[in-house]
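The values are calculated or read from the model by the stated rules, or taken from the named source; none is laboratory data. Here the structure is a predicted model, which means the values were calculated and not measured. Please note: Cβ atoms are built from the backbone with ideal geometry, for glycine as well, and neighbour counts cover all protein chains shown. SASA here: full protein model, heavy atoms, side chains in, ligands and nucleic acids out. Shrake-Rupley method; radii C 1.70, N 1.55, O 1.52, S 1.80 Å.
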Amino acid sequence: MATGALAQSATELPPLEVETTKKVKKRPGSEPQVPVTQVSGAASDTDAPVVHSANNTPTDAAKVGSSVTVLTERDLDKQSKTFLKDYLQQVTGVNFSQNGPPGSTTRLSVRGAALKYVKVLIDGIDVSDPSGTETQTHFEHLLVGDVSRIEVLKGSQSTLYGGDAVAGVISIETKVATKPGFSQSGGAEYGSYSTYRGAYTAGFASQDGSNVALTVQGINTAGFSAASAGNEDDGYRNLTLSGRGEYFISPSVSVFFAARTYDAKNEFDGNVNPDPFGAVIFGDLANSGTSRQSAGRAGTRFSFLDGAFQNTLAIQGMRIERDFHDVTSAPTDSSYTGKRVKGEYKGVLSFNEHLALLVGADWERTSLANNSLPYQPEAEIIGSFAQLMIEPINGLLLTGGGRIDEHDAFGQFDTYRLTAAYLLPGTETKLRASASTGFRAPSLDELYGSYPQFFMPNYGNPNLTPEESESWDIGVDQGFMRGAYTVSATYFELDTLNLIGFNGDCFSDPTIPCLANVAGTTNRKGVELSSVAHFTESVAVSMGYTYVQTETPTNTRLPFVPRHSFVLGLDFQPIDKVELNVTGQYVADTFQSRTDQLDNYFLLSAKAAYEIVPGWKAYVRGENLLDEQYETIAQFGTAGLAVYGGVQMALPEN
């Protein structure tokens, strides 16, 4: 599938065969499916496209009512990019901007909603940072060398995933050994900006499905100037270790683990204007930052009633430490530490082939420490949820669920979620719709933060209440010629209200907190279009287009959200052993502020690979082949034309 236009695996439809019997399916490295989430007949084999995130239990794509994009390991290998964000920015509805070279702060939006509204999970681990001004994930440090699958679930999903899942959920799975015996994969690359990159994964699986896989990967680059007007290179290095495994005590009981850690350092620029109250002018500065994160999750899966009642019990923990040296700050050195501990339970009970109930509960404690606070604030939240999945007639799956959360600062908050998916009998047409609510809990910094060095000792406000969201979407997925051609169209709306805003009066009156909930609604609405055409076994073309319109309570647009984004991809195998991928992305009409409207830009990338021997490939790839001069954030630099060469291996070759 051509990743250039977002491998929309979730829109693939099953063959037109119908039977009446269903069997529970088990994918390697994942929980089994319950019957109601499967399509009947030939489509229910293990090759049918399956979505894991939409219902928090594996579900055949034809029965998913939410809007989901799926990227597989095969899709990722076609482009051999370095960072997770490099693939996500090709997904319809997703956009990135960055403060310069690799390792610099990265912004993300999903359907026009910023990164703080997106839940990010890696092997079920919440990797967001509770020590920041807002709780969000550092995508600038997420490499792709250990990734086997990415799912982007859009729309408010707090019912199944709790707070922060306002715009959606990005669920990432790392590599797992799926076939009995020893396996290994990896690669090495060198190229522009004196960039070295490598990754190696080793795995083993036994006949009973027990498995383990470990990955080491890293990058070291001289980079380029973070300031577009600068001349000094700002470098970056990252070493990441990760692993996961599962051991079957019996066919119905297993224990599993997932763990990861990274150690990264980057250089960055800043404001060189000596007047602190004057205009911000970015230029070369000897600033640097380090980030170290360690996280893990372990648990057990067990089933009763001959597999009809499936259960998962797990605990996870995360710690992140960030240190900065900024020559323009006072003091010049600062540090931040965030911690998370979470316990979780999920159960899926199948009453029959047409009815199932998902229930769950979780508890989470987060804490932060920094050199501006004399104490370490903590927050606890407890949640419970349930979702009913019912197939009243063949081909129609309805889900309805609700959740209750109790936060130790703001109390109770309730959310709901409804979806419908209908595969028209005898056709390749699926209709889908979803409606849901969500919330974003105030971060620890928003509740308790204090910055006397910046004249904001009363920055935080312990009386803040959650930001709220309402979202809905409706769409159609249409296949032709037994899935050789697919077209998908979605209309969406996402409203957020009770937003947390800044009150500048806190500078003159120390009794006024700097943050407060603000009345009004921010609206986001738009259209997502995608298509994939497999003309022959060796030629595939894909396309994705997103239109997003945003409006704040003050009648302005949201920053860093392009109104138009278009991606076109081509996968081509001209001769045996040669593979080509070409991807083009056009971004237009991006608003940053009343004084900064970013220029439109077009980026062209390509990769050519040659199979040297079975299991080994050599490749060359190019980024920004037209050497486009552009910015995703005003005054911050971007990469010019860049070329890289490398090798990939996967053994055994199949």
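Computed from label points 7 Å out along Cα-Cβ, the spacing between Phe602 and Val280 is 3.1 nm. Note that the stretch 537-550 has calculated 3J(HN,Hα) couplings of 5, 10, 9, 9, 10, 9, 8, x, 9, 10, 10, 10, 10, 10 Hz, one per residue in order, obtained from phi through the Karplus relation 6.51 cos²θ - 1.76 cosθ + 1.60 (θ = phi - 60°); glycine and proline are x. Please tell me which of these pairs span more than 27 angstrom C-alpha to C-alpha: Lys175/Lys525; Lys119/Lys339; Lys81/Lys617? Checking Cα-Cα distances, Lys175/Lys525 exceed 27 Å. The length gained on full extension between Asp208 and Ile512, counted as 0.36 nm times the residue separation minus their Cα-Cα distance, comes to 103.2 nm. From the alpha carbon centroid of the stretch 124-203 to that of the stretch 56-71 is 19 Å. With the helix formula -39500 (n - 2.57) applied to DSSP H stretches of n ≥ 4, the chain reaches a computed 222 nm mean residue ellipticity of -500 deg cm²/dmol. Computed with a 1.4 Å probe on the full set of protein chains, the accessible area for Lys179 sits at about 110 Å².
Residues in the stretch 398-411 carry Karplus couplings, in order, of 10, 10, x, x, x, 9, 10, 10, 10, 9, 6, 9, 10, x Hz; the curve used is 6.51 cos²θ - 1.76 cosθ + 1.60 with θ = phi - 60°, and Gly or Pro positions show x. Our compactness index for the chain, the C-alpha radius of gyration over the empirical 2.2 N^0.38 Å, is 0.93.
Model label sites at Leu349 and Ser329, defined 7 Å from Cα along the beta-carbon direction, differ in position by 5.1 nm. Protection proxy ranking, highest mean first, for peptides 88-99, 531-542, 588-599: 88-99, 531-542, 588-599, where packing is the per-residue count of other beta-carbon atoms within 10 Å, averaged. About the centre of its Cα atoms, the stretch 273-390 shows a dipole size close to 420 debye [charges on the beta carbon of Lys, Arg (+1) and Asp, Glu (-1) only; nearest 20 debye]. Centre-to-centre, using Cα atoms only, the stretch 212-240 and the stretch 314-365 are separated by 26 Å. Dividing the mean sequence gap of close Cα pairs (under 8 Å, 6+ apart) by how many residues the chain holds gives a relative contact order of 14 percent.
Annotation: per residue accessible area for the stretch 50-594 equals 39 Å², rounded to a whole number [probe 1.4 Å, protein chains only]. Within the chain, what whole-number % of the accessible surface is contributed by carbon and sulfur, with the 1.4 Å probe and all protein chains included in the calculation? The computed percentage sits at 59.
You can think of it this way: the chain between Val613 and Asn555 has 14.9 nm of extra reach, that is 0.36 nm per residue less the Cα-Cα gap.
Extension gain, Leu388 to Phe502, is 37.0 nm, computed as 0.36 nm per intervening residue step minus the present C-alpha separation.
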